[in-house]
Amino acid sequence: MEFLFLMFLSKPLWLWLLFLGIVVTLMVFDLGVLHRDDHELGVAESLKLSAFYIFIAILYGCYIWWAWSNGTIVTSDGSNPVASYFQGYIIEKVLSIDNVFVISLIFGYFAIPRKYQYRALVWGIIGVIVLRGLMIAIGAELISNYSWVTLVFAAFLAFTGVKMLVVPEGDTDVSKNPVVKFVSRHMHVTKELHGQKFFVRQPNPATGKLMVYATPLLVALIVINVADLIFAVDSVPAIFLITTDTFIVYTANIMAILGLRALYFALAALVHRFHYLKYALAVVLIFIGLKGFYSYFFGKFDPYLSLAITVSIIAAGIVYSLHKTRGEDEPEEAKAVD
């Protein structure tokens, strides 16, 4: 586990504790105050809560700028932490929009009522914080020992972008998900929900003895976290090509994911309006991949120019999507989250 210690040693311990303190405070405030009682999160409330999380992310970016200006934060690779943070945050945020459709399918398959979905997603953040940390630590260790790994990341991102442009999306069948099959075979799962509980004690039909059963809410949570880990295969290499500083990589990832849980309920209803955004995202991945090759052979690409190009492509994709899909009705798959 030496690579985990190296990841945290890249910055002072108090800086990590400050960030993790912000994350824990937001989660406690979210679950303990805003959503103490389970209720359906409407689109208006979702957008307001999303705006709050985006404001926090921007505020944290301003803190990075301030800390960098007075020398408190110095990136391990000499990159601009401000431009790197915001570019990583934007890419992770947009990549997450693609995840919304899959998450809504998972909730629909397990028949999770809307009033329990938000609590499940917030608890899922704990898993994401740990899993993303492990992936980032391993990636940083690989890059520090084998610099050519950045070329592998660059080629992978460029290939992924091209694939997104030319290969049509396939149907997602949750029932065939290997995680669902594994959990069904190796865990006792109730057929019905038990409120917001992940585990319940029930008598075994065969023996009559009390046993611990998992509920469909827990299974949905496990599947969503595994899906997030798969989605991270794109986003983590993308931000490592922007900066190899683990603190910036990790904080940008987590800040984007924190806000996604709130934005999910608005996006689930509007995801069909962003159909063409995936093409803009594909172009961004190709651009980041090519930039990785350029930086490896010729030196650092201007960080603010890179940020401007990324924002421009994403903005163009959003505007074009909204224009092309105006007047379209919400598809039945998206309505399944209700």
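Can you give me the number of residues within the stretch 68-89 that are aliphatic (A, V, I, L, M) and at pLDDT 90 or above? Quick ask: steps written out before the conclusion?
Here is the first cut: in the stretch 68-89, the residues aliphatic (A, V, I, L, M) are 73-74, 82-83.
Restricting the remaining residues to those that are at pLDDT 90 or above gives 82-83.
Residues flagged as aliphatic (A, V, I, L, M) and at pLDDT 90 or above within the stretch 68-89 amount to 2.
Residues to consider are Phe110, Phe86; find the one that is more than 12 Å from the chain's Cα centre (by Cα) and farther than 13 Å from Asn253 by Cα.
On the way: Phe86 fails: farther than 13 Å from Asn253 by Cα.
Just one listed residue meets the conditions, Phe110.
Kindly check whether there is at least one residue in the stretch 263-285 that is modelled with pLDDT of 85 or more, surrounded by fewer than 24 Cβ atoms within 10 Å (Cβ to Cβ) and either within 13 Å of Ile136 (Cβ to Cβ) or in contact with a Phe, Trp or Tyr (Cβ under 6 Å, 6 or more places away or on another chain) (or both).
no
Okay, residues lined up against (1) of a type outside the set (A, V, I, L, M); (2) closer than 25 Å to Phe265 by Cα; (3) out of contact with any Phe, Trp or Tyr (no Cβ under 6 Å at 6 or more places or on another chain); (4) surrounded by fewer than 18 Cβ atoms within 10 Å (Cβ to Cβ):
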| position | (1), (2), (3), (4) |
| --- | --- |
| Lys115 | yes, yes, yes, yes |
| Gly161 | yes, no, yes, no |
| His186 | yes, no, yes, yes |
| Leu193 | no, yes, yes, yes |
| Gln196 | yes, yes, no, yes |
| Gly208 | yes, no, yes, yes |
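For Lys176, indicate whether it is loosely packed, with under 12 Cβ neighbours inside 10 Å, modelled with pLDDT of 85 or more and closer than 30 Å to Val94 by Cβ. Show your work before the answer.
Values: loosely packed, with under 12 Cβ neighbours inside 10 Å: yes; modelled with pLDDT of 85 or more: no; closer than 30 Å to Val94 by Cβ: yes.
The answer is no for Lys176.
In the stretch 26-67, which residues are at pLDDT below 80 and hydroxyl-bearing (Ser, Thr, Tyr)?
Within the stretch 26-67, just Ser46 meets the criteria.
Residue by residue through the stretch 216-229, note down the ones that are out of contact with any Gly (no Cβ under 9 Å at 6 or more places or on another chain) and under 14 Å from Ile97 (Cα atoms).
Ala227
Please state which one of Leu131, Leu151, Leu121, Leu105 is closer than 19 Å to Tyr250 by Cβ and in contact (Cβ under 8 Å) with a residue 40 or more places away in the chain. Break it down into steps so the answer makes sense when it comes.
Values: Leu151 fails: closer than 19 Å to Tyr250 by Cβ; Leu121 fails: closer than 19 Å to Tyr250 by Cβ; Leu105 fails: closer than 19 Å to Tyr250 by Cβ.
The conditions single out Leu131.
State all residues of the stretch 1-25 that are among the polar types (S, T, N, Q), at pLDDT 80 or above and either surrounded by 15 or more Cβ atoms within 10 Å (Cβ to Cβ) or touching a helix residue (DSSP H, G or I) at 6+ places or on another chain (Cβ under 7 Å) (or both); if no residue qualifies, say none. First the steps, then the outcome.
We begin by selecting, within the stretch 1-25, every residue among the polar types (S, T, N, Q); these are 10, 25.
Add one more test, that the residue is at pLDDT 80 or above, and what stays is 25.
Selection gives nothing.
Of everything in the stretch 90-133, what is acidic (Asp, Glu) and either modelled with pLDDT under 80 or not in a helix (DSSP H, G or I) (or both)? Give them in sequence order.
First, the residues of the stretch 90-133 that are acidic (Asp, Glu): 92, 98.
Answer for the stretch 90-133, where residues must be acidic (Asp, Glu) and either modelled with pLDDT under 80 or not in a helix (DSSP H, G or I) (or both): just Asp98.
Enumerate the pairs (first residue in the stretch 309-321 and farther than 20 Å from Leu290 by Cα; second residue anywhere and of a type in the set (Lys, Arg)) with beta-carbon separation below 8 Å, excluding pairs fewer than 6 apart on the same chain, so at least 6 apart or on different chains.
Here the result reads Ser321/Arg273, each pair linking the stretch 309-321 to a residue that is of a type in the set (Lys, Arg).
Go through (1) charged (D, E, K, R); (2) at pLDDT below 85; (3) over 27 Å from Trp16 (Cα atoms) for Lys300 and report which single condition fails.
Answer for Lys300: the failing condition is (3).
Go through the stretch 43-71 and count every residue that is over 30 Å from Ala266 (Cβ atoms), among the polar types (S, T, N, Q) and in contact with a helix residue (DSSP H, G or I) (Cβ under 8 Å, 6 or more places away or on another chain).
Of all residues in the stretch 43-71, those over 30 Å from Ala266 (Cβ atoms) come to 66-71.
After this cut, where a residue has to be among the polar types (S, T, N, Q) as well, the list is 69-70.
Pick out the ones that are also in contact with a helix residue (DSSP H, G or I) (Cβ under 8 Å, 6 or more places away or on another chain) and you get none.
So the answer is 0.
So, in the stretch 43-102, of the ones that are farther than 26 Å from Phe29 by Cα and charged (D, E, K, R), which residue ends up surrounded by the fewest Cβ atoms within 10 Å (Cβ to Cβ)?
Here the answer is Asp77.
Out of the stretch 210-239, which residues are buried (at least 21 other Cβ atoms within 10 Å of the Cβ), over 13 Å from the mean Cα position of the chain (by Cα) and among the hydroxyl-bearing types (Ser, Thr, Tyr)?
Result: Thr215, single match.
The values are calculated or read from the model by the stated rules, or taken from the named source; none is laboratory data. Note that the structure is a prediction, hence the values are computed from the model and not measured. So basically every Cβ, Gly included, is an ideal-geometry build from the backbone, and we count neighbours across all protein chains shown.
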